[in-house]
Amino acid sequence: MHSLRAPSERASGVAPPGPALAEARIQHRYLYEVLLYRAAEDKTPRLVRSAVLDTASRAIRALRLDLRAGHVFAMTPQESRRAVQWADEGFISARALLGLGESVGFTLRLHTGEIAEWTVRPAMFLCLTSTDWCDPKHQRGDAEPDLMAFP
């Protein structure tokens, strides 16, 4: 864990008495996104959903739940079968790939002609915690943000 100090401390090389301004930690998380392209040649997708999850299993679970919920409304019967098959079986290899640090995803065409893309990427985030935070739980660095509603 590293401490960040005020610019005057860095210039002089001498730290004044007192606590550091913040503590920095690198956190390994998983970025889950659902993108919607109007057409195959569309370069700018619309972000439908984005979340940061703490484990690969939670990220894959979010993808599986979204696939199962979405197939009822917008997918053709063929694409619906593909989505359910991936949610039932394909997720196992995806979880293994995430464990190796690889990104995973699932793409299909909706009955409207739009293209939906679900992706999960391993990511590192810089977490800054103020040492002067009024909540003692946050001061110790024990607090984890509520990253997403998925249990």
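Residue by residue, here is whether (1) among the small types (Gly, Ala, Ser); (2) buried (at least 18 other Cβ atoms within 10 Å of the Cβ) holds:
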| position | (1), (2) |
| --- | --- |
| ALA51 | yes, yes |
| SER57 | yes, no |
| ILE60 | no, yes |
| LEU65 | no, no |
| ARG68 | no, no |
| SER80 | yes, yes |
| ALA87 | yes, yes |
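If you check ASP42, ASP66 for being outside any helix (DSSP H, G or I) and charged (D, E, K, R), only one passes: ASP42. Per this entry, GLY90 is not counted among residues that are modelled with pLDDT of 80 or more, outside any strand (DSSP E or B) and closer than 30 Å to ALA22 by Cβ. Check region 101-118 and report whether any residue there is among the acidic types (Asp, Glu) and surrounded by 16 or more Cβ atoms within 10 Å (Cβ to Cβ). Yes, because at least one residue in region 101-118 is among the acidic types (Asp, Glu) and surrounded by 16 or more Cβ atoms within 10 Å (Cβ to Cβ).
Residue-level check: of (1) modelled with pLDDT of 85 or more; (2) under 14 Å from the mean Cα position of the chain (by Cα); (3) in a strand (DSSP E or B); (4) of a type outside the set (Asp, Glu), LEU126 misses just (1). Within the set THR44, THR76, THR55, the sole residue that is out of contact with any strand residue (DSSP E or B) (no Cβ under 6 Å at 6 or more places or on another chain), of a type outside the set (Gly, Ala, Ser), at pLDDT 80 or above and within 17 Å of LEU126 (Cα to Cα) turns out to be THR55.
Residues that are polar (S, T, N, Q) and free of Cβ contacts under 8 Å to residues at least 60 places away in the same chain within region 25-81 comprise THR44, SER50, THR55, SER57, THR76, GLN78, SER80, listed in sequence order.
The values are calculated or read from the model by the stated rules, or taken from the named source; none is laboratory data. Predicted model, so just to flag it, every value in this text is computed and none were measured. No Cβ is skipped: glycine too gets one built from the backbone with ideal geometry, and neighbour counts run over all protein chains shown.
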